[in-house]
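All remarks here apply to the structure that follows.
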Amino acid sequence: PPQKLPVEPSSLLSYSSYYCHAFLITRNFSLQGVGYNRDGRMSSSLPKTDIKQFSEIRMKDRDGQPLVPVSVVCGGCYTLFMISKKSGSVNQLVFCDCDINGGIPVFLDIGNKQPLSLFGGYSHSAAISSEGEVIFINRYSVRDSPSARIESSSLPNGEKARSVACCEHRVIALSSSGVVFSSKVESASSVLKFSRVEELSGKEIV
């Protein structure tokens, strides 16, 4: 049955749940997870078991230095984290997937892009950069080439993305001016080619 979260909603910086696991980040930058982690979909840093209560996880970079959690999105078999080395610095994306070394965190190579917001679906996830571009994380592409550069995708006509829906075979993006764009998802590629959804032409989507 529905249950109240064991934390005050006003204390949350980010919250996401999907299928069998959930994560939250408090305003004092405490990252906590609960749910199914037997396959590492939450992170290999947590016990490989069913985590019954929200448990804190501390993320570190490759040099063992602590990282600051900013945002999180959960998917069917993955978790995508937005983190920074210190509050206010450039954000990075960290990806944990049950099919990539049992959930060992992958620091995604997104070049010099600055992600600002996260979105997710069952298999795929995305971030919107400070330039209004879409950074698409195709879990199958990351699984095959974890260290490969992920290039960002722009919307046509200089439009800036504001919201993203990550479906299995298609990504839908809403621009800041209320225009909807769509791109097909290639089987193992993070490259998107957006085109305007003509059926919604003339309608402002909010």
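Any read-out appearing in this document is the output of simple, stated calculations on the displayed coordinates, not a laboratory observation. Worth saying up front: this structure is predicted, and the values here are computed from it rather than measured.
Result for the chain in a Gaussian network model with C-alpha springs under 10 Å: among Pro115, Pro69, Pro47, the largest mean-square fluctuation is at Pro47. The fraction of all Cα pairs in region 147-205 landing in successive 5 Å bins from 0 to the largest distance is 4, 19, 29, 25, 14, 6, 2, 1, 0, given as whole percents.
Across the alpha-carbon atoms of region 84-139, the computed radius of gyration and Dmax are 11.7, 33 angstrom. Each 10 Å bin from 0 upward holds the following percent of the Cα-Cα pairs of the chain: 9, 35, 35, 18, 3, 0. In region 2-114, inverting the average of 1/r over every pair of distinct C-alpha atoms gives 14.1 Å as the Kirkwood radius. Take every pair of alpha-carbon atoms less than 8 Å apart whose residues are at least six positions apart; their mean separation over the length of region 1-53 yields a relative contact order of 23 percent. A simple rule links phi to the HN-Hα coupling: the Karplus curve 6.51 cos²θ - 1.76 cosθ + 1.60 with θ = phi - 60°, which for region 106-117 gives 10, 7, 6, 8, 10, x, 9, 6, 10, x, 10, 8 Hz, with x for Gly and Pro. Any idea what % of Cα-Cα pairs in region 33-82 are farther than 17 Å? Of all Cα-Cα pairs in region 33-82, 35 percent lie more than 17 Å apart. Calculation over all alpha carbon pairs of region 1-50 in 10 angstrom steps from 0 returns a P(r) of 24, 50, 25, 0 percent.
Relative contact order, whole percent, for region 1-128 stands at 20, derived from Cα pairs under 8 Å and 6 or more residues apart. Karplus-based coupling profile of region 183-200, in residue order and whole Hz: 9, 6, 9, 6, 4, 9, 9, 9, 8, 10, 10, 7, 9, 5, 7, 5, 4, 9, with θ = phi - 60° in 6.51 cos²θ - 1.76 cosθ + 1.60 and x standing for Gly or Pro.
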